[in-house]
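Everything on this sheet refers to the single structure shown next.
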Amino acid sequence: MDKPAIRLLIFVLTFLLVIILPWYLSVLILITLTIYFPLYLEVLFFGFVFDTLYSYHFSFLHLGLCLATFFLLVVMFVKTKIRI
Amino acid sequence: MKMSYLLKSKPKHEYRAKILSVIILFISLYILQFLFPSFTKNIIYSVSRPVWAVENKIPNPFSKFVGFFKSQNNLINQNLSLEDELSSLKLKEIDYDLLYKENQDLKNELGRGKSNNRILSRVISGPPNSPYDTFIIDIGGSDVSVGDKVYISDNVIVGVIQNVTFKNSLVELFSTGGKKTQSILSRTGASYILIGRGGSNFELVVPKDTDVIWGDVFVYPGLSSSVIGIVSYVDTTSQSSFKTVYIKIPGNIFSSKNFFVENQ
């Protein structure tokens, strides 16, 4: 199985888990995947899904998306320094 | 003469390209969510609904896990105490039914009878799946509207509807962290503002000599007097001139499968 297919399969599986599992387990899985994959842009999509499904604060509706972006940028920066 | 050449260094723009891709995707999703919130909600709910339907049909395999490790003696004692509690609750239920009927008769005589416009809805997702104190229920469209009150039983109110899509609605609990809710202490009639702390809990900070005690019932303002919460703990310290009252929604709201929505 080639890499894009594996990544797609993991995306679908993660989407199902994000919907079914408690939020803290979903976040743990997303953190692991973000660290494991070289550029895990899908984490932004899952932050977007969290906001869309459960968020209601009209003062700041995009907390999940912003946190996912911040975390992804931090991981990218740290990876350049420690060569994972 | 042998020439030595410096190795070509890694192109620096590769890192910039990654940062740019992250920023572009972030802006795209942000704009999509900002400009089309209902559309995105409908799409995500439509995709999630079959998954929730399957999840709700499958029994929780871990529900009996904790009980497996309890000793037989503990289970027997627990069973006996639950039987006693059940017997006393059955007696209280009889008293409640009589008082409820008397209350309804009095209200009808005064022309303020209770209108039965509540809709039963099923909870399809909520905490701990949701990181907020929100639930998703299976009614939407024209059946409900934003601001409709939500109950878990006849007299226990838990929140309001905040968002409505075609087939689903988002319920926000009054106990959401930071949310302020007007309420009345049923024993004294005094009005207080409860502050949500999340997880079906409220907090109230009052002067130390305020008449609020353990077991007091807070009700939602209005004729129907729906219960918002019951005082579960009062924290007083000798140094402070205030006390913190902790209030909890009665029952276990997070294991509730059904909500009742009252149309305004």
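The values are calculated or read from the model by the stated rules, or taken from the named source; none is laboratory data. Only a predicted model underlies this, so the values are computations on that prediction, with no experimental measurement involved. A quick note on method: Cβ atoms are made from the backbone with ideal geometry, for glycine too, and the neighbour counts reach across all protein chains shown. Heads up: the accessible areas ignore ligands, DNA and RNA and are worked out on the full protein's heavy atoms, side chains in. Shrake-Rupley method; radii C 1.70, N 1.55, O 1.52, S 1.80 Å.
Among the strands (runs of 3 or more DSSP E) lying completely within the range B:139-205, list those that include at least 2 residues that are out of contact with any helix residue (DSSP H, G or I) (no Cβ under 6 Å at 6 or more places or on another chain), touching a residue at least 12 places away in the same chain (Cβ under 8 Å) and within 19 Å of A:Asp51 (Cα to Cα).
Answer list for the range B:139-205: B:157-164, B:169-173.
Close contacts from the range A:62-84, counting a first residue that is at the interface with chain B (Cβ under 9 Å from one of its Cβ atoms) and free of Cβ contacts under 8 Å to residues at least 60 places away in the same chain and a second that is of a type in the set (Phe, Trp, Tyr) and loosely packed, with under 15 Cβ neighbours inside 10 Å, with Cβ to Cβ under 6 Å and a gap of 6+ residues or different chains, come to none at all. On the stretch given as the range B:190-220, residues that are open to solvent by 50 Å² or more (accessible area, probe 1.4 Å), over 17 Å from the mean Cα position of the chain (by Cα) and of a type outside the set (A, V, I, L, M, F, W, C) total 5. Per the listing A:Leu28, A:Leu8, A:Leu73, the residue uniquely open to solvent by less than 60 Å² (accessible area, probe 1.4 Å) and either modelled with pLDDT of 90 or more or not in a helix (DSSP H, G or I) (or both) is A:Leu73. Within the set B:Val150, B:Val144, the sole residue that is within 18 Å of B:Val123 (Cα to Cα), more than 14 Å from chain A (Cβ to nearest Cβ) and crowded, with 21+ Cβ neighbours inside 10 Å turns out to be B:Val144.
Within the range B:221-232, being hydrophobic (A, V, I, L, M, F, W, C) and surrounded by 15 or more Cβ atoms within 10 Å (Cβ to Cβ) holds for B:Val227, B:Ile228, B:Ile230, B:Val231. Within the range B:11-55, if we keep just the residues that are aliphatic (A, V, I, L, M) and farther than 18 Å from A:Leu65 by Cβ, the residue that is nearest to the other protein chains (Cβ to nearest Cβ) turns out to be B:Val51. Answer yes or no as to whether A:Leu72 is touching an Asp or Glu at 6+ places or on another chain (Cβ under 7 Å) and under 22 Å from B:Ile27 (Cβ atoms). Considered against the rule, which asks whether it is touching an Asp or Glu at 6+ places or on another chain (Cβ under 7 Å) and under 22 Å from B:Ile27 (Cβ atoms), A:Leu72 comes out as no. Taken over the range B:71-130, the criterion of being in a helix (DSSP H, G or I) and basic (Lys, Arg) is satisfied by B:Lys90, B:Lys92, B:Lys101, B:Lys107.
Comparison of A:Phe45, A:Phe50 shows that the only residue that is under 9 Å from the mean Cα position of the chain (by Cα) and within 8 Å of another protein chain (Cβ to nearest Cβ) is A:Phe45. Out of the range B:24-37, which residues are in a helix (DSSP H, G or I) and open to solvent by 70 Å² or more (accessible area, probe 1.4 Å)? Those that are in a helix (DSSP H, G or I) and open to solvent by 70 Å² or more (accessible area, probe 1.4 Å): B:Ile24, B:Ile27, B:Tyr30, B:Ile31, B:Phe34, B:Leu35.
Please pick out the residue among B:Phe174, B:Phe260 that is modelled with pLDDT of 90 or more and open to solvent by less than 40 Å² (accessible area, probe 1.4 Å). Result of the check over B:Phe174, B:Phe260: B:Phe174. For the subset of the range B:243-256 comprising residues that are free of Cβ contacts under 8 Å to residues at least 60 places away in the same chain and surrounded by 15 or more Cβ atoms within 10 Å (Cβ to Cβ), which member is farthest from B:Gly229 (Cα to Cα)? The extreme case among them is B:Lys243.
Being surrounded by fewer than 20 Cβ atoms within 10 Å (Cβ to Cβ) and over 27 Å from B:Ile213 (Cα atoms) holds for only one residue in B:Asn103, B:Asn129, B:Asn79, and it is B:Asn79.
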